[in-house]
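The values are calculated or read from the model by the stated rules, or taken from the named source; none is laboratory data. Just so it is clear, the structure is predicted and the values come from calculations on it, not from any experiment. Cβ placement follows ideal geometry from the backbone for every residue including glycine, while neighbour counts extend to all protein chains displayed.
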Amino acid sequence: MTGGNKIYTKGGDKGETSLLGGTRVPKSHERVEAYGNLDELNSFIGLIRDQDINPHYREILGRIQEVLFISEALVARDPDKETVKLPQFGDDDIHLLEKEIDAMNEELPELKNFILPGGHTVTSYCHIARTVCRRAERSLIRLSQTRKLDEIIIRFVNRLSDYLFVLARKTGKDLGAEERSWITPK
């Protein structure tokens, strides 16, 4: 690489990073943890999008990735230095998830027991993304208890975990995978 194309800055070599706005914080800061969890979730969503799935789901997952990236930026900004104008998202994105959940659920058998993740690689990826989504949600809630945070992010991530659960079931059905119920031992 030459000139300005270097990816490394060496600015984090001592365990710190910059929020959007320039404030330096430890890499263990709760804000960094929260947007890092969203970034991990976004990567898993990308992995699901790369699978051989219904093109409609791929399109919806693309929009989800965009909203997650906006959320990452909103979480990464320094609330005391909101000089950077960031894109926003709204209730329509949450409503889209609800509409998609309802449409997929209409084609699925009623859920009467817990189900075990697995049955097909795509289904498993959806379940992994769902669990990462729940972790991201927990870190966002922790952050919101002490720091300023746009509450729509938590609402979106909460609904997204539901979407990923139903997507796991629906892709499993589409791919002919067995859905294994977990029956409470007697």
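K173 meets the conditions (1) within 17 Å of S71 (Cα to Cα); (2) in a helix (DSSP H, G or I) in every case but one. The failed one is (1). Restricting attention to the stretch 30-76 and to residues that are in a loop (DSSP other than H, G, I, E, B) and out of contact with any Asp or Glu (no Cβ under 9 Å at 6 or more places or on another chain), the residue that is surrounded by the fewest Cβ atoms within 10 Å (Cβ to Cβ) turns out to be D52.
Taking the listed residues E107, E98, E137, the one that is modelled with pLDDT of 95 or more, over 20 Å from I45 (Cα atoms), touching a helix residue (DSSP H, G or I) at 6+ places or on another chain (Cβ under 8 Å) and not in a strand (DSSP E or B) is E107, with no other qualifying. Evaluate the stretch 148-155: report whether one residue or more is surrounded by fewer than 14 Cβ atoms within 10 Å (Cβ to Cβ), among the acidic types (D, E) and out of contact with any Gly (no Cβ under 6 Å at 6 or more places or on another chain). Yes, the conditions are met somewhere in the stretch 148-155. Which residues, counting only those in the stretch 96-116, are buried (at least 16 other Cβ atoms within 10 Å of the Cβ) and either within 16 Å of the chain's Cα centre (by Cα) or not aliphatic (A, V, I, L, M) (or both)? Residues satisfying the conditions are L96, L97, E100, I101. Given the structure, is G90 at pLDDT 95 or above, of a type in the set (G, A, S) and either under 18 Å from the mean Cα position of the chain (by Cα) or surrounded by 11 or more Cβ atoms within 10 Å (Cβ to Cβ) (or both)? So G90 does not fit the description; no. Figure legend. Inter-residue proximity from the stretch 41-54: first residues free of Cβ contacts under 8 Å to residues at least 60 places away in the same chain, second residues basic (K, R), beta-carbon distance below 6 Å, spacing 6+ or different chains. Indicated pairs: R49/R58.
Here H127 meets each of (1) at pLDDT below 95; (2) surrounded by 16 or more Cβ atoms within 10 Å (Cβ to Cβ) with one exception, condition (1). Please determine, by comparing only the residues of the stretch 130-141 that are touching a residue at least 40 places away in the same chain (Cβ under 8 Å) and under 10 Å from the mean Cα position of the chain (by Cα), which one is surrounded by the fewest Cβ atoms within 10 Å (Cβ to Cβ). Ranking the qualifying residues of the stretch 130-141, first place goes to R135. Picking from residues in the stretch 142-186 that are over 16 Å from H127 (Cβ atoms) and hydroxyl-bearing (S, T, Y), the one that is nearest to the chain's Cα centre (by Cα) is S144. Residues that are surrounded by fewer than 19 Cβ atoms within 10 Å (Cβ to Cβ) and either touching a residue at least 60 places away in the same chain (Cβ under 8 Å) or aromatic (F, W, Y) (or both) within the stretch 160-183 comprise D162, K173, D174, E179, R180, S181, W182, I183, listed in sequence order.
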